[in-house]
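> Please find one structure pasted underneath; my questions will follow.
We did not get these values from a lab; they are worked out from the coordinates using the rules stated. Here the structure is a predicted model, which means the values were calculated and not measured. Cβ placement follows ideal geometry from the backbone for every residue including glycine, while neighbour counts extend to all protein chains displayed.
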Amino acid sequence: MRSDAVHRVLEEEIAEARARRDGRPPRVLDVGGGSGVWAVPMASAGCEVTVVDPSPNALATLQRRAADAGVAQLITALQGDTEALHAFAPPGGADLVLGHGLLEYVDDVATSLVSLAAATADGGAVSVLVSNRYAAVLASALAGRPADALRVLRDPAGRYDGAGDTVLRRFDGAELADRMREAGLSVDLVQGQGVFTDLVPGSVLEGHGAEPLAELERAAAVTPPLRDIASRLHALGRPVR
Ligand SMILES: C[S@@+](CC[C@H](N)C(=O)[O-])C[C@H]1O[C@@H](n2cnc3c(N)ncnc32)[C@H](O)[C@@H]1O
């Protein structure tokens, strides 16, 4: 897996789950897992992964990717959504539940988070990755679109006006943590992903090597206020039972 702050936290989670399970494969439930951006690396790391996603196209791509990576036998792809998650995922059946790039699209954030929490085993965790509204403000302003930046800043859901915006909502870190607590999760951490990488053109970074930037990203990910302008916000929570 990659070396950013989110991957590092999830690697630790997987290692702890493996230890709790006496070396048996950790069980990962990837809700809205789409084409397997997270599921395939998790399976390659030795996890048994169930992906639940409503998009048949995304699931077909997932299965191709899984086959190419030689991990098809570790991935179960199910067509469904968070609203019916109980039909696909037994209560308490997953050591790690991913909701990455999911909460921006679901009809109801509260019900979705409750479903993710219910699917999590004792000792396990829910990992949520969402679009950061302040990153969208910053990106619009830096792209010379101040009116768009102002709309995202003022809109309660952090959206641009009109049909151009494909997400239903964006979050800030405090709101994300509050929503998780309301769903019965204790929040271990909120960190950023992509503080500088999405702001600095690749051409500027070329020639400096990948590691200095990666190290800077890891430090910024957990350092407010830099964390608070990251493209995505990552939170890890545990069901309170
Ligand atoms: C932005 S993609 C994220 C894919 C992947 N999790 C990632 O991080 O790269 C959003 C995914 O959520 C799925 N999705 C949308 N609404 C959903 C719902 N109600 N329940 C589960 N998945 C949903 C979409 O089909 C899509 O594959």
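> Restricting to region 1-32, count the residues that are basic (Lys, Arg), crowded, with 16+ Cβ neighbours inside 10 Å and farther than 12 Å from Leu98 by Cα. I'd like the intermediate steps shown before the answer.
Restricting attention to region 1-32, the residues satisfying the condition of being basic (Lys, Arg) are 2, 8, 18, 20-21, 24, 27.
Filter once more, keeping what is crowded, with 16+ Cβ neighbours inside 10 Å: 18, 27.
Now drop any that are not farther than 12 Å from Leu98 by Cα, which leaves 18.
Count: 1.
> If you don't mind, another one. Please pick out the residue among Val52, Val37 that is within 11 Å of the ligand (Cβ to nearest atom) and either among the acidic types (Asp, Glu) or touching a Phe, Trp or Tyr at 6+ places or on another chain (Cβ under 9 Å) (or both).
Numbers: Val37 fails: either among the acidic types (Asp, Glu) or touching a Phe, Trp or Tyr at 6+ places or on another chain (Cβ under 9 Å) (or both).
Of the residues listed, the single one that is within 11 Å of the ligand (Cβ to nearest atom) and either among the acidic types (Asp, Glu) or touching a Phe, Trp or Tyr at 6+ places or on another chain (Cβ under 9 Å) (or both) is Val52.
> Looking at Asp95, is it at negative phi and in a loop (DSSP other than H, G, I, E, B)? It would help to see each step written out before you state the result.
Details: at negative phi: yes; in a loop (DSSP other than H, G, I, E, B): no.
No.
> Between Val137, Val152, Val200, Val222, which is of a type in the set (A, V, I, L, M) and within 29 Å of Asp95 (Cβ to Cβ)? If you could, list the steps in order and put the result at the bottom.
Numbers: Val137 fails: within 29 Å of Asp95 (Cβ to Cβ); Val152 fails: within 29 Å of Asp95 (Cβ to Cβ); Val200 fails: within 29 Å of Asp95 (Cβ to Cβ).
Matching residue, one of Val137, Val152, Val200, Val222: Val222.
> For region 65-121: of the residues being in contact with a helix residue (DSSP H, G or I) (Cβ under 8 Å, 6 or more places away or on another chain) and charged (D, E, K, R), which is farthest from the ligand (Cβ to nearest atom)?
Taking the candidates together, the pick is Asp95.
> Can you name every residue in region 154-173 that is out of contact with any Lys or Arg (no Cβ under 8 Å at 6 or more places or on another chain), surrounded by 14 or more Cβ atoms within 10 Å (Cβ to Cβ) and among the aliphatic types (A, V, I, L, M)? Spell out the reasoning first.
Taking region 154-173 first, the residues out of contact with any Lys or Arg (no Cβ under 8 Å at 6 or more places or on another chain) are 154-156, 162-164, 166.
In the following step, the residues that additionally are surrounded by 14 or more Cβ atoms within 10 Å (Cβ to Cβ) were identified as 155.
Of everything in region 154-173, nothing turns out to be out of contact with any Lys or Arg (no Cβ under 8 Å at 6 or more places or on another chain), surrounded by 14 or more Cβ atoms within 10 Å (Cβ to Cβ) and among the aliphatic types (A, V, I, L, M).
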